[in-house]
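K.L.:
Just dropping this structure here.
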Amino acid sequence: MTVLAAGIAMGCDDVGSGLPVVLLHGFPHHRALWASQLNGLAAPVRTIAPDLRGFGESESSGPTSMDRYADDIAALCDQLGLDKIVLGGLSMGGYIAFAFWRRHRARVRALVLCDTRAGADSEAGRATRDELIALAERDGSAAVADRMLPGMLGRTTREKHPDLVESMREMMVRAPVAGVTAALAALRDRPDSTPTLSTIDVPTLIICGDEDVLTPVAESRAMHHAISGSHLELLAGAGHVSNVERPAAFNHVLSEFLTQLTSE
Ligand code: MLT
């Protein structure tokens, strides 16, 4: 479905009823990243997966930022009548979850941080974002997809599930260039969320594929140490999109966390 929020049409899936769980995709994905979670969670939850501004069915309008993406999600929650949510994000979705926490923390019941990191880009990382912006403008989203794809899925998936590699490429290739370039600039300029970690005082689940090379396990361990009471789960044989690569294991871990929340 499409919802008008924050002045743009936003694509969104909204499945089930119960505790609202909003799942934010990474870069350069769209909401179908969460296809295996939408009907796969064994917990009494309402699962909402939006397309971020400029991706999937969501409109794009000029420059953006992690704050702006976060405010879009708050506006979407208003439109859907959601007060408190469990907010989950994968990679860039996690960076947005940190911004959402800083700006809208009263709305956050719990956090799920998947294959993400708290730190900002290094100088080299920022230069790579600029290179990718130029590449997208010159050669389109397929060129960016092909540059990122080798790091997106783990070694085990690349060896054993080439079908998943291909479907991930298809998703990345379809990302609109305007959305891709705006997101790359927002990724480049995002703040360091490390100081935010010690302010998080809601239940937090951290999930990471043990073959993730884009946001390696060390990043998740560091977040785990800095977020008091957080829970860390490593998924064996999964890379950066651990929810796609090991959907059953991911859903099991997430369902247990959500079931515990609903029984409190
Ligand atoms: C993502 O999956 O969202 C990206 O890898 C994030 C990033 O490039 O920092």
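K.L.:
Would you confirm, using the coordinates I've provided, whether residue 259 is under 26 Å from residue 45 (Cβ atoms) and under 17 Å from the mean Cα position of the chain (by Cα)? I'd like the intermediate steps shown before the answer.
P.N.:
On the way: under 26 Å from residue 45 (Cβ atoms): yes; under 17 Å from the mean Cα position of the chain (by Cα): no.
Considered against the rule, which asks whether it is under 26 Å from residue 45 (Cβ atoms) and under 17 Å from the mean Cα position of the chain (by Cα), residue 259 comes out as no.
K.L.:
For the list (1) farther than 24 Å from residue 251 by Cα; (2) touching a His at 6+ places or on another chain (Cβ under 8 Å), I need the number of the one condition that residue 132 fails.
P.N.:
It fails just one condition, (2).
K.L.:
So how many residues does segment 179-211 have that are assigned to a loop (DSSP other than H, G, I, E, B), within 30 Å of residue 57 (Cβ to Cβ) and in contact with a helix residue (DSSP H, G or I) (Cβ under 7 Å, 6 or more places away or on another chain)?
P.N.:
Qualifying residue count for the region: 2.
K.L.:
Just name the residue that is farthest from the ligand (Cβ to nearest atom) out of those in segment 100-120 that are assigned to a helix (DSSP H, G or I) and open to solvent by less than 10 Å² (accessible area, probe 1.4 Å).
P.N.:
Among residues in segment 100-120 that are assigned to a helix (DSSP H, G or I) and open to solvent by less than 10 Å² (accessible area, probe 1.4 Å), the one farthest from the ligand (Cβ to nearest atom) is 101.
K.L.:
Right, next: Take the conditions buried (at least 17 other Cβ atoms within 10 Å of the Cβ), small (Gly, Ala, Ser) and over 17 Å from the mean Cα position of the chain (by Cα) and apply them to residue 242. Does it pass?
P.N.:
For residue 242, the condition - buried (at least 17 other Cβ atoms within 10 Å of the Cβ), small (Gly, Ala, Ser) and over 17 Å from the mean Cα position of the chain (by Cα) - is not met.
K.L.:
Before we move on, is residue 169 under 24 Å from residue 210 (Cβ atoms) and of a type in the set (Lys, Arg)? Working first, answer last.
P.N.:
Working: under 24 Å from residue 210 (Cβ atoms): yes; of a type in the set (Lys, Arg): yes.
Against the criterion (under 24 Å from residue 210 (Cβ atoms) and of a type in the set (Lys, Arg)), residue 169 qualifies.
K.L.:
When segment 121-142 is examined, which residues are found to be open to solvent by 30 Å² or more (accessible area, probe 1.4 Å) and among the hydrophobic types (A, V, I, L, M, F, W, C)?
P.N.:
Passing the criteria: 124, 127, 134, 142.
K.L.:
To continue, here is another question. Quick test for you: out of 211, 264, 219, 233, pick the one residue that is open to solvent by 50 Å² or more (accessible area, probe 1.4 Å) and within 16 Å of the ligand (Cβ to nearest atom). Step through it out loud before you land on a result.
P.N.:
On the way: 211 fails: open to solvent by 50 Å² or more (accessible area, probe 1.4 Å); 264 fails: within 16 Å of the ligand (Cβ to nearest atom); 233 fails: within 16 Å of the ligand (Cβ to nearest atom).
Being open to solvent by 50 Å² or more (accessible area, probe 1.4 Å) and within 16 Å of the ligand (Cβ to nearest atom) holds for just one of 211, 264, 219, 233, which is 219.
K.L.:
Can you find a residue in segment 137-145 that is more than 15 Å from the ligand (Cβ to nearest atom), touching a residue at least 12 places away in the same chain (Cβ under 8 Å) and farther than 25 Å from residue 244 by Cα?
P.N.:
The answer is yes, given that some residue of segment 137-145 is more than 15 Å from the ligand (Cβ to nearest atom), touching a residue at least 12 places away in the same chain (Cβ under 8 Å) and farther than 25 Å from residue 244 by Cα.
K.L.:
What about residue 226, is it among the small types (Gly, Ala, Ser) and within 30 Å of residue 163 (Cα to Cα)?
P.N.:
No; evaluated as a whole, the condition is false for this residue.
K.L.:
Is it true that residue 54 is open to solvent by less than 10 Å² (accessible area, probe 1.4 Å) and over 24 Å from residue 202 (Cα atoms)?
P.N.:
yes
K.L.:
Tell me which residues, restricted to segment 13-34, are hydrophobic (A, V, I, L, M, F, W, C) and closer than 23 Å to residue 144 by Cα.
P.N.:
24, 27, 32, 33, 34, listed by residue number.
K.L.:
Oh, and also: Taking the stated definitions as given, is residue 259 away from the ligand (no atom under 16 Å from the Cβ) and at pLDDT 95 or above?
P.N.:
Numbers: away from the ligand (no atom under 16 Å from the Cβ): yes; at pLDDT 95 or above: yes.
It is true that residue 259 is away from the ligand (no atom under 16 Å from the Cβ) and at pLDDT 95 or above.
K.L.:
Check 145, 175, 97 and return the single one that is touching a Phe, Trp or Tyr at 6+ places or on another chain (Cβ under 7 Å) and open to solvent by less than 30 Å² (accessible area, probe 1.4 Å).
P.N.:
After ruling out the rest, the residue left standing is 175.
K.L.:
Can you tell me which residue is most open to solvent (accessible area, probe 1.4 Å) among those in segment 148-157 that are within 24 Å of residue 184 (Cβ to Cβ) and part of a helix (DSSP H, G or I)? Before you say what the answer is, go through the steps one by one.
P.N.:
Keep residues of segment 148-157 that are within 24 Å of residue 184 (Cβ to Cβ), which gives 148-154.
Then drop every residue that is not part of a helix (DSSP H, G or I), which leaves 148-152.
Details: 148: 36, 149: 22, 150: 77, 151: 14, 152: 0 Å².
Per the criteria, the residue is 150.
K.L.:
Here's something else I'd like to know. I need every pair where a residue in segment 186-214 that is at pLDDT below 95 has its Cβ under 6 Å from the Cβ of a residue that is in a loop (DSSP other than H, G, I, E, B), sequence separation at least 6 or different chains.
P.N.:
Final answer for the pair search is none.
K.L.:
Are any residues in segment 178-208 farther than 24 Å from residue 123 by Cα and open to solvent by 10 Å² or more (accessible area, probe 1.4 Å), and if so, which ones?
P.N.:
198, 199, 201, 202, 203
The values are calculated or read from the model by the stated rules, or taken from the named source; none is laboratory data. Only a predicted model underlies this, so the values are computations on that prediction, with no experimental measurement involved. Cβ atoms come from the backbone with ideal geometry, glycine included; neighbour counts cover every protein chain shown. Heads up: the accessible areas ignore ligands, DNA and RNA and are worked out on the full protein's heavy atoms, side chains in. Shrake-Rupley method; radii C 1.70, N 1.55, O 1.52, S 1.80 Å.
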